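Reading through the structure tokens given below for one structure.
Here, each number is a calculation from the coordinates, and none is a lab measurement. In this text, all values refer to a predicted model and were calculated from it rather than measured experimentally. Reconstructed Cβ throughout: ideal geometry from the backbone, glycine too, with neighbour counts over all protein chains shown.
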Ligand code: DOR
Ligand code: ZN
């Protein structure tokens, strides 16, 4: 039996939701990951420091006894976020970034930023206090092809933004394109880092239409061509410390996915680390998994590495077709199929 023991990892991009869904999904993450960046796109969004601290308390209350997990909070940036809120957030020591959702780009992004120029003073303040900007990097203009929205965002929004704010550090969340990888790699500093999801490392856009329309594989940014997936996998397994693990696990009730207008998001939390192990194994790079999952993220964020360990075992396990989620049900990634690596301790 092949086994792999790693320093305990963190998830640098996670959707935990709230209420009964939070209680249902949190244990999957907390049993493996020590910390997670908790995305603020709730309804209503987590815009203020007070809201973020209250959400943090709800997460801790939902945590089953005996699990040692630390939620890392993020503020949702709007056109009217006061720069002072960033200063307050930093002072608490519990806010670790501010999330930029271009308005309309994804789930619960309606309150997001309509024009980047409107948040210029907040961006300057972020650079000043040393908090990173976490970016959903897609333009929203309807005339831009869905598959090109990340690459266009880099040229139209991100390059000028980085040039304007020389002290600003940015996490390009859930990177999906070769252009995105090149954008991170072309710099000779670490001002721009990126999270990579397990699903974007394992699937290309053919998976959306395999034998029919597959709503549970629909996420944003949408899956791209094979050559992009290959570029992401090469970056993840390269050892470059600017790339790290962020699942973007995003649960939606089954009915919201299997719908005439289905929600974006893949629920990967139950097998997250096993899925990453599969991706790294496919590239012959299991020896690079620990740094990607457990070292690069904390170093970039300036946090201590975790002390604990997790052990993965190579033994295929069938994935449940559906899982209970409060009063609803959710379909996990690989539902009805098998995952090759399991966390056993
Ligand atoms: O697929 C996605 N789901 N992408 C996002 O950016 C948001 C997320 C969600 O909250 O469901
Ligand atoms: Zn996300």
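Brief remarks on what is shown
- Put simply, when 81-94, 277-290 are sorted by average Cβ atoms within 10 angstrom per residue, most first, you get 277-290, 81-94.
- Take 171-183, 318-330, 128-140, 111-123 and order them by the average number of nearby Cβ atoms within 10 Å per residue, most first; the result is 171-183, 128-140, 111-123, 318-330.
- Selected from 159, 169, 34 as most flexible by GNM, with the chain as the system and alpha-carbon contacts under 10 Å: 159
- Simple label model, 7 Å out from Cα along Cβ direction - residue 128 to residue 3, nm: 5.3 nm
- Centre separation in Å (Cα based) which lies between segment 256-296 and segment 100-116: 25 Å
- Fewest-first ordering of 95, 254 by other beta carbons within 10 Å of each residue's beta carbon gives 254, 95.
- Of all DSSP beta bridges confined to the chain, the antiparallel ones make up roughly 35%.
- Building the convex hull from the alpha-carbon atoms of segment 1-111 and averaging its projection over directions returns 8.5 nm².
- Tensor-based shape of segment 277-317 (alpha-carbon gyration tensor, a/c under 1.5 rounded, otherwise prolate or oblate): oblate
- FRET efficiency, 1/(1 + (r/R0)^6) with R0 22 Å, evaluated for residue 258 and residue 18 via beta carbons: 0.45
- Put a dot 7 Å past the Cα of residue 155, heading toward its Cβ, do the same for residue 305, and the two dots end up 4.0 nm apart.
- Tensor-based shape of segment 139-241 (alpha-carbon gyration tensor, a/c under 1.5 rounded, otherwise prolate or oblate): oblate
- Three-way shape label, the chain, alpha-carbon gyration tensor, a/c 1.5: rounded
- Between 260, 235, 103, the Gaussian network model of the chain with springs among Cα atoms under 10 angstrom shows the greatest mean-square fluctuation at 260.
- A straight chain from residue 67 to residue 118 at 0.36 nm per residue would run longer than the Cα-Cα distance by 14.2 nm.
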